[in-house]
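First comes the structure, then the notes that go with it.
Every number here is computed from the coordinates shown, using simple stated rules; none is lab data. Everything numeric in this text was worked out from a predicted model, so none of it was measured. Positions of Cβ are generated from backbone atoms using ideal geometry, with glycine treated the same way; all protein chains shown enter the neighbour counts.
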Amino acid sequence: MEAPVFNLEGEEVDTVELPSFFEEPVRKDIIRRAVLAAQANRRQPYGTDPRAGFRTSAESWGAGHGVAMVPRVKGRRHPAAGRAARVAQAVGGQKAHAPTPEKDWTQRVNRKERRAALRSALAATAKPEFVKERGHVIDDVPHLPVVVVDELRSLNKAREVREFFKSVGLWADVERAKRKRRIRAGKGKRRGRRYVKPKSVLIVVDEDEGIKLGARNHPGVDVVEAMHLGVEHLAPGAHPGRLTVFTPGALKVLEERLGE
């Protein structure tokens, strides 16, 4: 399986033999398992204050008073006197079955299964049906996967990266990501994640010589080095088929990393 290599002006200058993992079947189930495990392993433990609901003088009156034997606030002739406290059914009481920071959210995935997920996610980037299913605009993209000369990694200005996207037919997808940016529904708006931003082009290079600086201002565009490439980069939200640009050097690193 071969792919054309394009220069920064969008002209075909060479061909490259693609690694064998681009021909593998796409296993959505394995990809989903690997992505969900990665998300679970990033969860921060949380729990309630151990003394929540117990900052009170409440004690039970015991039997024989004709009232429920729940703890009641001590005192007389003040609004809280005799009011139930501490128990879950009382106002201001402890929460029933509250979350504890000791809970372990991590998920384990076998090494071979994780590698299979990465290989499968890489294969999806070469299949137009999966790329379109993710919502990417590839009408002007000449070939999948998109392979570009190694000089791509040294573009350190947003203008240069924008011109490259236009020459290879990727700019329409970047504009889609910009157009689809919207305000999040729900409480996340006031928790530092006000906007939902679609993912656009992923650039995979063997080493960064300035491309991260040039690409970071374009909506939805991510840059990752091949040695650090993960399933979440290729299948955000566990949906395989991200529109991805590779350099020949990155393909060599991936071939050495994943084997044949």
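Values computed for the structure shown
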{"item": "Cross-link table Lys166/Lys197; Lys127/Lys189; Lys28/Lys157; Lys103/Lys197; Lys178/Lys212; Lys199/Lys252, entries beyond 28 Å C-alpha to C-alpha", "result": "Lys127/Lys189; Lys28/Lys157; Lys103/Lys197"}
{"item": "Matching label, Cα Rg over 2.2 N^0.38 Å computed from the structure shown, candidates (i) 0.93; (ii) 1.50; (iii) 1.05", "result": "(ii)"}
{"item": "At R0 = 51 Å, FRET efficiency that the Cβ-Cβ distance of Lys180 and Ala88 yields, to 0.05", "result": "0.70"}
{"item": "Cβ charges +1 (Lys, Arg) and -1 (Asp, Glu), total dipole of the range 102-170, debye", "result": "340 debye"}
{"item": "Normalised contact order of the range 44-104, rounded percent, pairs of Cα under 8 Å and 6 or more residues apart", "result": "37 percent"}
{"item": "Amide H within-cut-off set for Val223, under 5 Å, with H built and near neighbours excluded", "result": "Ile203"}
{"item": "Mean separation of Cα contacts under 8 Å (6+ apart) over length of the chain, as relative contact order %", "result": "23 percent"}
{"item": "For the chain, size of Cβ-based charge dipole, Lys and Arg +1, Asp and Glu -1, in debye", "result": "3440 debye"}
{"item": "Charge dipole (the chain, unit charges on Cβ, about Cα centre) - positive-most of Met1, Val161, Ala98", "result": "Ala98"}
{"item": "Only Lys, Arg (+1) and Asp, Glu (-1) charged, at Cβ; the range 44-104 dipole about Cα centre in debye", "result": "420 debye"}
{"item": "Dipole of the range 44-104, positive direction: furthest Cα of His78, Ala68, Ala58, with charges on the beta-carbon", "result": "His78"}
{"item": "Antiparallel DSSP beta bridges within the chain, percent to nearest 5", "result": "50 percent"}
{"item": "Kirkwood hydrodynamic radius over Cα pairs of the range 136-260, then Stokes diffusion coefficient at 25 °C and 0.890 mPa s, in µm²/s", "result": "161 µm²/s"}
{"item": "For the chain, with +1 on Lys and Arg beta carbons and -1 on Asp and Glu, the positive-most of Leu258, Leu118, Leu152 along the dipole", "result": "Leu118"}
{"item": "Summed side-chain charge close to Phe130 - residues other than Phe130 whose Cβ falls under 15 Å, Lys, Arg +1, Asp, Glu -1", "result": "+3"}
{"item": "Relative packing of peptides 183-191, 126-134 - highest average C-beta neighbours within 10 Å first", "result": "126-134, 183-191"}
{"item": "Angle in degrees between helix 28-41 and the longest Cα principal axis of the chain, rounded to the nearest 10", "result": "50 degrees"}
{"item": "Residues Val13 and Asp104, FRET efficiency given R0 of 35 Å [Cβ-Cβ distance, rounded to 0.05]", "result": "0.10"}
{"item": "Chain lengthening between Ala80 and Ala68 when straightened (0.36 nm per residue, less Cα-Cα)", "result": "2.7 nm"}
